[in-house]
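All remarks here apply to the structure that follows.
The values are calculated or read from the model by the stated rules, or taken from the named source; none is laboratory data. Quick caveat, the model's predicted, so the values are computed rather than measured. Note that we place each Cβ from the backbone using ideal geometry, even for glycine, and neighbour counts take in every protein chain shown. Protein only, heavy atoms only, side chains kept; ligands, DNA and RNA dropped before computing areas. Shrake-Rupley method; radii C 1.70, N 1.55, O 1.52, S 1.80 Å.
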Amino acid sequence: MPTSMRSVLPTLVALLLGYALMQIGNTLQGTLLSVRGSIEQFSPTIIGAVGAAFWAGIVVGSLWAGRVIQQVGHTRAFAALAAIAASVALLHLLVINPIVWIAARAVTGFCFAGLFIVVESWLNASVTAQARGQILSVYGMTGLIAGIGGQMLLPTGDPAGFRLFCFVAVLICLALVPTALSRAVAPAHAVGDTRINLMQLYRQSPFGVVAAVLCGITTSSFFALGPIWAQERGLNTAEIAIFMACGTLGGFVTTWPLGWLSDRMDRRHVIIAASAMAATILMALIHFVPPTVPTWLIFIYVAVFGGSVIPTYSIVTAHVNDMVRPGEFVAAAGGLLILQGAGSVIGPVISGLAMTEFGRLGLLYIVIVAQALMAIWGAYRSLMRASPPQAEKELFVPEPTVPVGTQLEAS
């Protein structure tokens, strides 16, 4: 191990451990609120709005929380945002009201965006340019593993009780400990201003712009309303946890293979194939899987689905990076964040409305349409523009399940 990497290893371990604890609490809270909302007789439309509010908070926080970090510093911003996020987690339990939940979830999204910006910018500032890609890859995979762990905590308590909400608050508070006890000095200028131009980004990568929105619609719909689909399918609390974890596990397993493949061929073709697989697996669930099918088969289906859709955003990001100039990477990442966030706000709302109208199949209909549109648009754009030369392609880097970019303040 190089001396420079050995010297920053304690800082990296502390940051990644804190990030993992945050993600465990975050994923547990997302699934818990969906299940608890159903227990409280909230309609799928309301539950979808609660899920959408989180993503709206993520987008706003990604664009504005950086200013808080610049004013008070990384460590203080991290402590303040974590304290707010932990408190708001308990507010869902104290005030069971749809409006309060929507507002609280938006605040949670803002706080988590700021927390993730602290971690990402600190990571970026702590390593050399040569090691940055490897570290960010570990960061992305850590988020996926933590997401699986968070889902599997759901059966440890009764969603109708208070214990799981306390677990969420405790996990978020514990995320403070590794960073607070670290002797590493926080970076002084890790978050900066970048001008984001969505129209220019569309001209550079029409496929990437549309695909980012469709990725947001798909993943946010699944994580916000997937637990309700599973619950209405007849799965118990433990099975819902396994169901959601299998979706994330599928993404964890396929992220590197699909990324490796996309480095060696037209990335759009990989995305088209993944989208077609996701739409096909959901069509099979609708038409060929009877209600009496063994539960383990449902888990396999959702694992294949997750393996198809979760890596897609990372490949879209890599494709867009292939199409823009090196000095525009940060602005492009910021634009994709806004677009993915917009799709993530839209997804749970329209999927919730569809579930209210058509039952649990409404969720599948929306996701099938989103994935089919991505495959069709990708095929069309492949005919209109050739893939960039292999020598000009950027290496694939896995993105976190909740993508939050650093240095992305719009100006």
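Looking at (1) at pLDDT below 95; (2) in contact with a helix residue (DSSP H, G or I) (Cβ under 8 Å, 6 or more places away or on another chain); (3) open to solvent by 20 Å² or more (accessible area, probe 1.4 Å), which is the one condition that is false for Arg67?
Of (1) at pLDDT below 95; (2) in contact with a helix residue (DSSP H, G or I) (Cβ under 8 Å, 6 or more places away or on another chain); (3) open to solvent by 20 Å² or more (accessible area, probe 1.4 Å), only one is false for Arg67: (2).
Would you mind listing the helices (runs of 4 or more DSSP H) fully within the stretch 297-385 where at least 3 residues are at pLDDT 95 or above?
Values: elements: 312-323, 329-358, 361-384.
In the stretch 297-385, 329-358, 361-384 are the helices (runs of 4 or more DSSP H) which contain 3 or more residues that are at pLDDT 95 or above.
Every residue in the stretch 19-31 that is surrounded by fewer than 24 Cβ atoms within 10 Å (Cβ to Cβ) and either out of contact with any Leu (no Cβ under 7 Å at 6 or more places or on another chain) or within 13 Å of Gly226 (Cβ to Cβ) (or both), please.
Ala20
Tell me whether the stretch 132-143 contains one or more residues that are closer than 21 Å to Thr255 by Cβ, more than 17 Å from the chain's Cα centre (by Cα), among the β-branched types (Val, Ile, Thr) and assigned to a helix (DSSP H, G or I).
Yes: one or more hits.
Can you name the residue in the stretch 256-283 that is in contact with a Phe, Trp or Tyr (Cβ under 7 Å, 6 or more places away or on another chain) and among the small types (Gly, Ala, Ser) and is also modelled with the highest pLDDT among such residues?
Per the criteria, the residue is Ala278.
Mind counting the residues in the stretch 74-104 that are under 30 Å from Asn197 (Cβ atoms) and out of contact with any Pro (no Cβ under 9 Å at 6 or more places or on another chain)?
Residues that pass the stated criteria total 2.
Out of curiosity, is Leu33 over 27 Å from Cys215 (Cβ atoms), assigned to a helix (DSSP H, G or I) and either without any contact (Cβ under 8 Å) to a residue 24 or more places away in the chain or in contact with a Phe, Trp or Tyr (Cβ under 8 Å, 6 or more places away or on another chain) (or both)?
no
Could we say that Gly150 is without any contact (Cβ under 8 Å) to a residue 24 or more places away in the chain and either surrounded by 15 or more Cβ atoms within 10 Å (Cβ to Cβ) or closer than 21 Å to Ser220 by Cβ (or both) here? Walk me through it before giving the result.
Details: without any contact (Cβ under 8 Å) to a residue 24 or more places away in the chain: no; either surrounded by 15 or more Cβ atoms within 10 Å (Cβ to Cβ) or closer than 21 Å to Ser220 by Cβ (or both): yes.
Answer is no for this residue.
With the structure loaded, tell me whether Met323 is open to solvent by 10 Å² or more (accessible area, probe 1.4 Å) and in contact with a helix residue (DSSP H, G or I) (Cβ under 6 Å, 6 or more places away or on another chain) or whether it fails that test.
Yes: the conditions hold for Met323.
If I filter the stretch 266-297 down to residues being of a type in the set (Val, Ile, Thr), open to solvent by less than 60 Å² (accessible area, probe 1.4 Å) and farther than 17 Å from Tyr313 by Cβ, which single residue comes out as farthest from the chain's Cα centre (by Cα)?
Val293
In the stretch 160-176, which residue that is among the β-branched types (Val, Ile, Thr) and within 21 Å of the chain's Cα centre (by Cα) is farthest from Ala77 (Cα to Cα)?
Within the stretch 160-176, the match that is farthest from Ala77 (Cα to Cα) is Val168.
Restricting attention to the stretch 36-90, which residues are without any contact (Cβ under 8 Å) to a residue 12 or more places away in the chain and not aliphatic (A, V, I, L, M)?
Of everything in the stretch 36-90, those that are without any contact (Cβ under 8 Å) to a residue 12 or more places away in the chain and not aliphatic (A, V, I, L, M) turn out to be Gln41, Gln71, Arg76.
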